[in-house]
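A short worksheet on the structure shown next.
The values are calculated or read from the model by the stated rules, or taken from the named source; none is laboratory data. In this text the structure is predicted, and so the values were computed from the model without any measurement. These accessible areas exclude ligands, DNA and RNA; they are computed on the full protein's heavy atoms, side chains included. Shrake-Rupley method; radii C 1.70, N 1.55, O 1.52, S 1.80 Å.
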Amino acid sequence: MNHRERVLRTCSFAKTDRPPCDLMEGILWPEIREFFRDQYNLNTDEEIFTYLDTDFRWLFVEQVDLQSVDRDLFARKYMPYSDHTVQRPLADVHSAAELELAYQDKFNPENYIFPDYAAARRRWPEHAIITLSRIPSLFMTACTDFGMEECLVKMVCEPDVMFKYMEKLQEHCLQMIPYALHNAGGNCDICWLMDHIASQEDLIMSPDLWRKYFKPCLAEQVKVIKQYGQLVFFHSCGSVYSVIPDLIEIGID
């Protein structure tokens, strides 16, 4: 059984020779590289992945250098959640009409650099290939636009603003997904989605609020991805235990 067969059979609940294994996102820290270089004379990431017998290979959709193109956009997207470190562009928006006027984040394919998917499939014909398509994370992006505290408050006190925001953000996502997967051209097996919605103990919001604002959008994204024949992996740090049945329901593999 090769790596790809192992992954696909696992995701269809079929018997395999062993569970698939991986380093998430195919990331090796410098300390890991140093260890394998010193102890095993392995000098490239691919040599290490081969030695560990990992089943996945990762392809990243990259973004252009936003810092040189638009410093405000770079700060909004990549500064930490701590609101005192950066001005949140939608922090003072308090109506759906204001949101309509203030929301600026439009999908632009020129902001993205896509890998050579066909070459990756030729290089790794027996591995499961995952694409990280840079689809905006729903809750995380709302927090970077409103500020985390303001986002949570709006979910309870200003639902019209949050619904309008999710509508606009979802427009971006549903343009990005087909564009990214069309570029993949059937050479990937899995589309990777993520949203950090949880703390160590439970969701950051109540499960019902997550279901109200974010689940419908995530479900729609999964439906579109499935139309391209892709499996869907969903990543969140923290305890998502309370919504695992929801993730299964909407088709997360």
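When we measure straight from the Cα of LYS212, which aspartates and glutamates land under 14 angstrom away, once same-chain ones fewer than 8 places off are left out?
Cα-Cα hits under 14 Å: GLU158, ASP160, GLU167, GLU220, ASP246.
What's the center-to-center distance, using Cα atoms, between region 237-253 and region 12-47 in Å?
With region 237-253 and region 12-47 each reduced to a Cα centre, they are spaced 26 Å.
Counting only protein chains, not ligands or nucleic acids, how are TRP29, TRP124 ordered by accessible area (probe 1.4 Å), most first?
The ordering from most to least exposed comes out as TRP29, TRP124.
If you take all C-alpha pairs in the chain, what percent of them are over 35 Å apart? Could the numbers behind the result be given before it?
Values: 6398 of 31878 pairs.
Above the 35 Å cut-off, the chain has 20 percent of its Cα pairs.
Which of LYS164/LYS215; LYS168/LYS215; LYS154/LYS223 have a Cα-Cα distance over 19 Å?
On the way: LYS164/LYS215 15 Å; LYS168/LYS215 15 Å; LYS154/LYS223 27 Å.
In this structure, LYS154/LYS223 exceed 19 Å between Cα atoms.
Apply the Karplus parameterisation 6.51 cos²θ - 1.76 cosθ + 1.60, with θ equal to phi minus 60°, to every residue of region 29-37 and state each ³J(HN,Hα) to the nearest whole Hz, in sequence, with x for glycine and proline.
Each residue's phi maps through the Karplus curve to give 6, x, 5, 5, 4, 4, 4, 6, 5 Hz.
Helix-derived [θ] at 222 nm for the chain: sum -39500 (n - 2.57) over DSSP H runs of at least 4, divide by residue count, nearest 500?
Computed mean residue ellipticity for the chain: -14500 deg cm²/dmol.
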